[in-house]
Structure formats: C-alpha cells, structure tokens
Amino acid sequence: MTLLNSVKTGQEQAVDQWSSICLLEDIAPDTGVCALYQGEQVALFRIGDSDQVFAISNYDPLGEANVLSRGIVGSVGERLVVASPLYKQHYDLATGECLEDSDLLLKTYRVRVEQQQVQLS
C-alpha cells in the first residue's frame, strides 16, 4: 500500500512506503513480538486491547542482544516504556530514549494499523 503526502513547498510529492508486518491479533495486549523489517529486527508492542502499536529496535545496546521484544511493557510517569529483560533499563516506546542513560537511544519506526494489518515505514 502506498500513501501520498503533498509537500506544500512546491517540491515533488513525497511517497511513504508502508510494509505489512503482521496482523494486529498476532500481538497479544501489553506484550511485544519481534519481526524482521528491511533486514533489521524490530520489536513491536501493542498497548492494551487497542490498535496502538509502537515499533523500536529489538537490539538492547547494554546486553548486546536482540531481546527487547521480550521486555515488560508499562509506564513511567506519563511515558509508555519497555523494560529490558536483561538489565531493566526503561526505553520510551515513542522516542527510543533510555530513561536511565540519556546516551542510549534506540531506533524507532513509523507504525500504523490499516484493516487489522500492522504496517511499518
């Protein structure tokens, strides 16, 4: 599926490419799953029974392992986070920022749910 966004600066239209990764029902509420996207492991997290899904790198930089999809989803204050299953650092699901160490920043991905399909861009 392709989504066209108009650029109002007079430049060409920008095209966003979206790739279907899995069905929404493949992600149990308040848990994560790992998926391969463009050769990289991505951790997808579903919040509650909603269609709100976040996507961050699955790679834990401190543990040097692809394990974040197995982390615990929760909140710290107003921020939705995942706690690393190895060293328990909390990573913000929206920004990829580590709450305990500002030098650590995970890659985040644009994600949407269309017709029960989880898609990344």
Some residue of region 81-95 being in contact (Cβ under 8 Å) with a residue 40 or more places away in the chain and under 26 Å from Asp16 (Cα atoms): yes
In region 84-117, which residue that is under 17 Å from Ala55 (Cβ atoms) and among the small types (Gly, Ala, Ser) is farthest from the chain's Cα centre (by Cα)? Ser84
Filtering region 99-121 for residues that are touching a residue at least 12 places away in the same chain (Cβ under 8 Å) and more than 24 Å from Leu23 (Cβ to Cβ) leaves a count of 4
Matching residues in region 18-39 - criterion: being in a strand (DSSP E or B), more than 17 Å from Gln115 (Cα to Cα) and open to solvent by 30 Å² or more (accessible area, probe 1.4 Å): Val33, Cys34, Leu36
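The values are calculated or read from the model by the stated rules, or taken from the named source; none is laboratory data. All values derive from a computational prediction rather than experimental measurement. Cβ coordinates were reconstructed from backbone atoms using ideal geometry, including for glycine residues, and neighbour counts include every protein chain displayed. Note: areas computed on protein heavy atoms with side chains; ligands, DNA, RNA excluded. Shrake-Rupley method; radii C 1.70, N 1.55, O 1.52, S 1.80 Å.
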